[in-house]
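What follows draws every value from the coordinates through simple rules; no lab data is involved. This structure is a prediction, so every number in the text was calculated from the model and none was measured. Quick reminder, even Gly has a Cβ in these numbers, built from the backbone with ideal geometry, and neighbours come from all protein chains shown.
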Amino acid sequence: MQHYTSDPLAGTLVDDRYLIRSRLASGGMSTVYVATDQRLERDVALKVLHPHMAGDPQFLDRLGREAKAAARLSHPHVVGVLDQGEDGRIAYLVMEYIKGHTLRDVIKDKGALSPRLALALIDPVVEGLGAAHAAGLIHRDIKPENVLIADDGRIKVGDFGLARAVSASTSTGALIGTVAYLSPELVLGRQADARSDIYSVGIMLYEMMTGRQPFDGDVPIQVAYQHVNSTVGAPSALVPGLAGELDELVQWCTANDPDKRPVDGNALLSELRHIRTNLSDAELDLQPPAARRPDLPAAALPALPGRDAPQPRAGATGAGSRTEVIGGIQQPTEIIARGSNPTTVMSAAPRRPAYGPLSAPEEAPYPDPDAYRDEAGFEGGGAPPAGSKRVQRRQGRDEEKARARAAATPVRSLREGNPRRRGLLWIFLLVIAALLAAGAGWFFGMGPGSPGTIPDLANKSVGEAQQLLRTGGFQSTTKDVFDDAVSPGLVVGSEPSAGQVIRKFQPVSLAVSKGPELFALPELTGRTLDEAKTALNGAGMALGQITETFNESAAAGKVLAQAPRSGNPARHGTPVNLTVSKGPQPIPVPDVRGQEQGAAVKALEAAGLTAVVSPEPVNDRKVPKGAVVAQDPAGGNLTRGGSVTLTISKGPKLVEVPNFIGKQVAEARKALEQLGFEVRVNNILGGFFGTVRDQDPVKTKAPEGSLVTLTVV
């Protein structure tokens, strides 16, 4: 059962859209509510920023840009940013509402995890980071509290962009992050990139496989100092038998030099999955010695340095520890453990050891699970028997160490010394300390170690930009770069960029424009249009206007000319106009059927075609001799020089006309028509008898289709 806390904003309507139902939790930067989006009728997590942040216009502007960038990232393993806005004095973010728990809950509940479970849980985290890095987003606050595990098993990374927006809004170079997972470059105030997130993932993976964090301290600055000046040890030192590939993976991710880490989440994801595939089942299912034994009561467990004893689980005496995750913030019902790793605000440039006690505390040894098992193999839910040999040996070792410490501590000074001399010595030491403190104050307050904001130097001359930097106390170097937009000799930008706060002893690099970089245009003539487009893309040029024209010698689609011509230097993106062939121009075939042969040949040649006369003329009763009976093709289009075949007529053929005098007219008509003649009948006296009395012509040859006249009585 979830316990919600009342709040003055409960029941109010934010921005005429989000109805706040109840408060879930409050942190150092915001208060989180569960609200109902009345427009879309769904529950959302509404993160309302505290007034000291909501009243900062620069912070709100930066937060808006970060929220827009995060909202453009849509990935199944990243908590979605749905909306951002302001309503009077309320500045808010709207995110997915996810019920479930965090990776922190899993580590608290199970202690050290098996490699199989640790790699399975970290895989979607790295996949989500890979998608964010590819989109240009950096998280800067990766920790188990920001890894959300929904009730249905989905794993998401929350709070993208918030740490970057908050750190950018501070005026003293402060940074936002959880010190236990902070990369060395963020501690030193340097530029963060995707490799900073990779460092945090490596620390988190170390903790998942060993049950503890690699660095510890009484105050955050001690932990930060260890991130900068120490290296993360191999997890197998605490978990014997752990595969060497896992040691290498953790130490690769947590290298102090960012150049020695994976370049981004996608590079790490590839190696992570390769390791999971190649490890044996025995290596993946290795059960590490539990950092916290769930089967022992809390009173019997020794607390690790910097951590409280385990909190009671739900159902035990005391407040339950069930949590709800809303938009990337863990919301305990009653208790927030001291070891829950809250996001820390600290100086971006920690003091050097000479100005304070920054040495790391001695690492406490990892709890020995055999301390709860006697010689006979006893292992139970409480403390071991007081008389067991294991406990006796441990007590003996403790007593021996105590005697050694006592022997090393002198009880009397061998030389008392002069009290006045000791007083002068103390005064001298105090003066030196005061001078050192004053020097440190000057160095970090007004000297080269003081923070300063990089001015906007774009489009200024080199001399003007260097003068502005000198006025601000910065030292600068220059480097020449090509730029299409900025005129030669003017400053393109700086590294660190304008608006960033750095220590004045850190160098500033000015990028000075050499003008646009020019490239030779490729030769496109003679290529196909598709080949020309590919060549232009490869050279970084743009495709300009395409003009098509007929060409008798170039096939359709071939490039005939280009402007500008090949070899001419041009900047990237220059449009190149192309003239492309449509092939030979088509010529309509004229119809010369029925024309005399000579006239037909001339007509075809005048059209640009070639006439071919068939060697065998044919008879045709309708086309006179010497005229064109047929042509192939009879129509359509041909290209210049195409052939047209002509068939010439021999005129009608001669057919013998039979004698039908004395025969019936019906028989005569039928026979003559079958021979191809036309028949005319002249009836005398009505043609009563139907007998052919006379015929013209008769018993001679006549042209096919000619007229035969029958006289009938």
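Brief remarks follow.
- Relative exposure of Ser497, Ser280, Ser649, judged by other C-beta atoms within 10 Å (fewest first): Ser280, Ser497, Ser649
- Separation between Cα centres of the stretch 636-688 and the stretch 564-618, rounded to whole Å: 43 Å
- Reach of Lys653 by Cα under 20 Å, taken over aspartates and glutamates that are not fewer than 8 positions away in the same chain: Glu596, Glu616, Asp620, Glu673, Glu678, Asp696, Glu704
- Cα gyration tensor shape for the stretch 456-513, rounded if a/c is under 1.5, else prolate or oblate: prolate
- Spin-label pair Glu245/Asp484, simplified geometry with 7 Å Cα→Cβ offset, distance in nm: 4.5 nm
- Violating pairs (Cα-Cα greater than 31 angstrom) within the set Lys110/Lys156; Lys156/Lys533; Lys625/Lys699; Lys582/Lys625; Lys156/Lys479; Lys47/Lys143: Lys156/Lys533; Lys582/Lys625; Lys156/Lys479
- Taking 20 Å as the straight-line reach from the Cα of Lys504, the aspartates and glutamates in range (excluding those fewer than 8 positions away in the same chain) are Glu185, Asp456, Glu464, Glu495.
- For Arg571, the residues whose modelled amide H falls within less than 5 Å of its own, excluding neighbours fewer than 5 places apart on the same chain, are Phe519.
- Within straight-line reach of Lys514, meaning a Cα separation under 15 Å, sit the following aspartates and glutamates at least 8 residues removed in sequence or on another chain: Asp480, Asp483, Asp484.
- The Cα center of the stretch 42-81 and the Cα center of the stretch 461-480 differ in position by 35 Å.
- Kirkwood Rh in Å, taken over all unlike Cα pairs in the stretch 518-581: 11.5 Å
- Based on the reciprocal of the average 1/r between different C-alpha atoms, the Kirkwood radius for the stretch 586-651 equals 11.6 Å.
- Distant-in-sequence amide contacts of Gln695, defined by a placed amide H-H separation under 5 Å and a gap of 5 or more residues or a different chain, comprise Thr711.
- When peptides 144-151, 10-17 are sorted by average Cβ neighbour count within 10 Å, with the highest value leading, the order is 144-151, 10-17.
- For the stretch 518-581, the relative contact order works out to 48 percent when only alpha carbon pairs closer than 8 Å and six or more residues apart are counted.
- Each Cα pair under 8 Å and six or more residues apart adds its sequence gap; the mean of these over the residue count of the stretch 608-675 is a relative contact order of 39 percent.
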